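The next block holds one structure in the form of structure tokens; read it before the comments.
Rule-based calculations on the coordinates, nothing more; no lab input. Model, not experiment: these values are computed from the prediction. No Cβ is skipped: glycine too gets one built from the backbone with ideal geometry, and neighbour counts run over all protein chains shown.
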Amino acid sequence: MKPRFTWGLIILAMLSTGLTGCWDSRSIDQLAVVMATALDYTEEGNIMASSQIAVPTSVQTEGGSTQSGAGARGFTVVSAVGKNVHDAMDELQRKLSRKLFIEHRKVLLIGEALARNGLKDTLDHFSRDPDSRLQTYLLIAKNARAAELLLQPVPFEKVPTRAVRSLQEINAEITTTLRELFTAMSGDEIVPTVGALELVEGTAGAGVSSGKGEDSKMMTFRLAGSAVIKDYKLAGYLDMEQTRGLLWVLNENKRVSITGDIPGKGNVVMELDKTGKKIKTRIRDGKIQVDISVKTSGPVHENNTELDLSDPKNIVQVEEALSNSIEGSIRKVSGISQSLLKADIFGVGQEISRHNPKEWRKLKDRWVDAYPEAEISVNSSVTITRTGMYGKPLHLIEEKE
């Protein structure tokens, strides 16, 4: 090997060692890892930012005992007030000895007062901040300040906000990220909805006491349907049943059960396996007609009637009851969206824009007034795939002589 070539390799190896590693990396013990941020509107018109920060639970005192308080519960909450979100977060940083690390943040909570006052300036911060992840979930604190929810623990989780995503997915609720919200707000075709959380009474060991008196209660949080964001402001809420109706139309109902009531006979529960939806729009003589159709299938999970489900006639009766249940949920939420909220949460305008752009250009500027006048019809089709090993409920099968 030539000496010149050998020295070249040595110099290259020496230079490459200086390029390895992360030049701007920080040790974990120098960071305050933010799991969730809550924003509230103060009486003075300022913004209060609160961060739920993960705290290691394995830290022990000098005497060897396990740390109590914030460390024992896995998190702490720090708050600060500023003229805007950026100012409030700067003030919050001044209270901490560690650098705020928000890249790991999963949840952004907005207090009801701030949501009703308007979110345009607030959301602008998150659209520009390079450290904010657009996959962060946004939720509204229903009838509460967002900071209050950060203080409430939930069962099985050291850091409560880790449970928010699981709660939404398990219960088939609205899940909206900042990216999805920004996309929806960039057009006029659909009014976005986000998840809602509310404070409720908890159980022993699953919440925080509201006081020291006899009337003190253990508090925690739970999903509370969804919130409608219209023109960057909170327009209103949809309860759990209405949210389910919305999810049918958005084709996002997953892992959910349906209960169909059969008059005078009881009810039947079906677990959802597959679902599909179609929205067709027509404009005739200036009138907007919307046809919403939903198809779903799945097995029967509970039969609280005396109907023998091995009989095809009874199957038809049960499927009709389940279809009526789905249609009823959709009609309720469509009525609220048109009469009370006056907000196109179904994306009817989106369908018109896709399939009839010429008509949409005429309707776009007056869609807020045109949508409430649209004629919406709903049709549902349910197919039962399995009924179980027996026809009749086990407790109704007559013993053989």
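Please give, to one decimal in nm, the separation of the simple spin-label points placed at THR183 and SER97, each 7 Å out from Cα toward the Cβ.
Using points 7 Å along Cα→Cβ, the separation is 4.4 nm.
Give, in nm to one decimal, the length gained when the segment between LEU167 and ASN379 is fully stretched (0.36 nm per residue of separation minus the Cα-Cα distance).
Extending this stretch completely gives an extra 73.4 nm.
How are the Cα pair distances of segment 253-391 distributed, in percent, across 5 Å bins from 0?
2, 9, 18, 18, 14, 11, 9, 8, 6, 3, 1, 0
In whole Å and largest first, what semi-axes does the C-alpha gyration tensor of segment 285-333 yield when each eigenvalue is scaled by 5 and square-rooted?
So the equivalent ellipsoid measures 30, 11, 9 Å along its semi-axes.
Please compare each pair in LYS230/LYS362; LYS142/LYS342; LYS120/LYS274; LYS287/LYS332 to a cut-off of 32 Å on the Cα-Cα distance and tell me which ones are over it.
Over 32 Å Cα-Cα: LYS120/LYS274.
Extending each Cα 7 Å along its Cβ direction at LYS83 and ASP129, get the distance between those two points in nm, one decimal.
Modelled inter-label distance: 1.8 nm.
Can you tell me the alpha carbon radius of gyration of segment 310-377 divided by the globular rule-of-thumb value 2.2 N^0.38 Å?
1.54
For TYR232 and LYS295, FRET efficiency with R0 = 45 Å and r from the beta-carbon atoms, rounded to 0.05?
That gives a FRET efficiency of 0.80.
Calculate log10 I(q)/I(0) of segment 225-268 for q = 0.14, 0.17, 0.27, 0.31 Å⁻¹, where I(q) comes from the Debye formula with a single equal point scatterer on each Cα and nothing for solvent.
Once normalised to I(0) and log-transformed, intensities are -0.48, -0.62, -0.97, -1.05.
Hey, what D do you get for segment 229-308 in µm²/s if you plug the Kirkwood alpha-carbon radius into Stokes-Einstein at 37 °C and 0.692 mPa s?
213
According to the square roots a ≥ b ≥ c of the eigenvalues of the Cα gyration tensor, what is the shape class of segment 258-297, taking rounded for a/c under 1.5, prolate for a/b larger than b/c otherwise, and oblate for the remainder?
Taking the square roots of the gyration eigenvalues as a ≥ b ≥ c, segment 258-297 is oblate.
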